[in-house]
Each structure stands twice: as C-alpha cells, then as structure tokens.
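Let me begin by presenting the structure, written as structure tokens, before commenting on it.
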Protein chains: 2
Amino acid sequence: MENIKFDKNGLIPAIIQNSNSGEVLMLAYMNEESYKKTLNTGYTWFYSRSRQELWNKGAVSGNTQKVKEISYDCDGDTLLIKVEQKGPACHTGKKSCFFNRVTPAKSMTMGEVLFTLDDILKDRKTSPVEGSY
Amino acid sequence: MENIKFDKNGLIPAIIQNSNSGEVLMLAYMNEESYKKTLNTGYTWFYSRSRQELWNKGAVSGNTQKVKEISYDCDGDTLLIKVEQKGPACHTGKKSCFFNRVTPAKSMTMGEVLFTLDDILKDRKTSPVEGSY
C-alpha cells in the first residue's frame, strides 16, 4: 500500500481540495479501512474521531466527493485528495469548512487591539507567566 | 485567540497553500508558540514533532513562506494558511510535498492488478481476516 503511514492511532489526515477551483474544502482523517473504501468506491470515506466510526461523506446530505486524484506527501503521513464536490463541503452549508478568517495583527483596528490586550491581561491574571511583569 | 483548538499534544495541523497558484504545498503542525510567532512575524513557524522544537520554515534553506491569509475550519481544529512561497516548499527540492501520486484502482494495468492481488493474498495468509475465505 504505497508508502503511506498511519499514525499511532491508525489515522492519516486527508486534505480535501476542489479539483476544479483549487479551493481547500476540509481536513478529515482516514484509517486504513476508510482509505481502502475510498480507493475502491471512488468516493471519500473518513474515520470520525468523535463518533469512532467510518463515514461516507455525503451519504446523508447528498454532498458527495468524487475522487479525482490522490497524492501523499514526502514523508507519507498526509494525503491530498482532489475531488469533484457536489453541493457544499461543510456541514454548516458553507462551500468550504475554512470560512473563519484570522485577523492579522497588522490590520487590527485600535478597538480590536484593546480587546486583545484586555484578553491577555485577564489571562495573565488567572495564569501568571514567570518573568512577565 | 479566536476559536482555535490545539489537540491534547498542544498541536494543530496547518495546511499550507500557495496563495498565487492555489497549489497545496505541505501540511505541518503548530503549537501555540509557533502560531503566535507566525502571526507576529508574518512568516510561517512550525513545531517539529520529530525534533521537538520550533522551526522557522526557510530559515536555513531560504525558502520562506510569507503569510497572506490565515483561516481556521468550522470546528477550529485545522488551519489553512495561504502563503507567498519563495523557492520550492519541499525539502526534496520539489515545489510541493505532495508529489507522490496514488494509482487509482480503476486505471490500473492488468499487471498492477495482479501485483496488488498478490499483496492482498500474502497479507491474508499472514493475518487472516475472519469471514474472508
């Protein structure tokens, strides 16, 4: 089975990318069984760490992912799977699961800076950092 | 710090994508310190699980990654970071770490099918599967 390495929990992360748009849709985990099911059926199967069971993406929602290409990385511990995505990939109804943007510190408004500072101060109060004054 | 969740080892996987081409370059892990360094410096910092230390991508090779955009997914346990990649992203000298293609079963030649079958038969002999005959 190529040079793919499952971790000590028997899992490998799989990056799912839209084969047409190049948009990264989600990251999910596969165990050996779901990986083989993906290869054999041509549709993505994952292992749910929370439910501890296999799931066939889109089996319930209809938002299936038809596999177009599978690659693995230089050290064999991550998969990249390009898919033809039917409907939205995210269970929230968004196209991609990555719809939350982190505000770069550089473009923060003064209000955001003060809120962040306030967060840090509260955090330091409850969990003091040695050497910080 | 937004709704980002580090796992029980204090890590979060970060998918690194070329902001110009959309190509997925690599997957690496960040701990809270490397995540903050990434935010503060505008260049990617990771946590090496094998060396157990922070590393600033490209510090040695010069193949740095300038951060253009950071997103996190619906359940907050994966980052997607779009970068301006200088030089190749992979330590092998390849543009992306995902240069190994998995041959889909459907496009296997008869020779490959026989080799795969042979692998499965050997595997079944050494580790029999209940109910399989």
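The values are calculated or read from the model by the stated rules, or taken from the named source; none is laboratory data. Predicted model, so just to flag it, every value in this text is computed and none were measured. Note that each Cβ is placed from the backbone with ideal geometry, even for glycine, and that neighbours are counted across all protein chains shown. These area figures cover heavy atoms from the full protein model, side chains too; ligands, DNA and RNA do not enter into them. Shrake-Rupley method; radii C 1.70, N 1.55, O 1.52, S 1.80 Å.
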Residues satisfying the stated conditions in region B:16-33, i.e. buried (at least 24 other Cβ atoms within 10 Å of the Cβ), of a type outside the set (A, V, I, L, M) and either in contact with a Phe, Trp or Tyr (Cβ under 8 Å, 6 or more places away or on another chain) or farther than 23 Å from residue A:19 by Cβ (or both) = none
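Each row is one residue, and each column tells you yes or no for (1) in contact (Cβ under 8 Å) with a residue 24 or more places away in the chain; (2) open to solvent by less than 20 Å² (accessible area, probe 1.4 Å).
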| site | (1), (2) |
| --- | --- |
| B:55 | no, no |
| B:81 | yes, yes |
| B:86 | yes, no |
| B:92 | no, no |
| B:95 | yes, no |
| B:99 | no, no |
Search result, residues across region B:29-53 that are more than 12 Å from every other protein chain (Cβ to nearest Cβ) and free of Cβ contacts under 8 Å to residues at least 12 places away in the same chain | B:51, B:52, B:53
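Rundown of residues vs (1) touching a helix residue (DSSP H, G or I) at 6+ places or on another chain (Cβ under 6 Å); (2) aromatic (Phe, Trp, Tyr); (3) closer than 11 Å to residue A:79 by Cβ, yes/no style:
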position	(1), (2), (3)
A:4	no, no, yes
A:10	no, no, no
A:29	no, yes, yes
A:41	no, no, no
A:44	yes, no, yes
A:58	no, no, no
Residue hits (region A:34-53; among the hydroxyl-bearing types (Ser, Thr, Tyr), out of contact with any Ser or Thr (no Cβ under 6 Å at 6 or more places or on another chain), surrounded by fewer than 19 Cβ atoms within 10 Å (Cβ to Cβ) and modelled with pLDDT of 95 or more) are A:41, A:48
Residue check, residue B:26 against (1) under 26 Å from residue A:8 (Cβ atoms); (2) in contact (Cβ under 8 Å) with a residue 12 or more places away in the chain; (3) more than 14 Å from chain A (Cβ to nearest Cβ); (4) not charged (D, E, K, R), all met but one. Which one?
-> (3)
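Considering only region A:1-73, give the strands (runs of 3 or more DSSP E) lying wholly within it that have at least 3 residues that are under 22 Å from residue B:25 (Cβ atoms).
A:12-18, A:24-30, A:65-72
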Could you please find all residues in region B:57-78 being open to solvent by 30 Å² or more (accessible area, probe 1.4 Å) and under 16 Å from the mean Cα position of the chain (by Cα)?
-> B:77
Within region B:73-117, track down each residue that is among the charged types (D, E, K, R), at pLDDT 60 or above and closer than 19 Å to residue A:35 by Cα.
-> B:101
Tally of residues being touching a strand residue (DSSP E or B) at 6+ places or on another chain (Cβ under 7 Å), more than 10 Å from chain B (Cβ to nearest Cβ) and not aliphatic (A, V, I, L, M) across region A:8-19 | 1
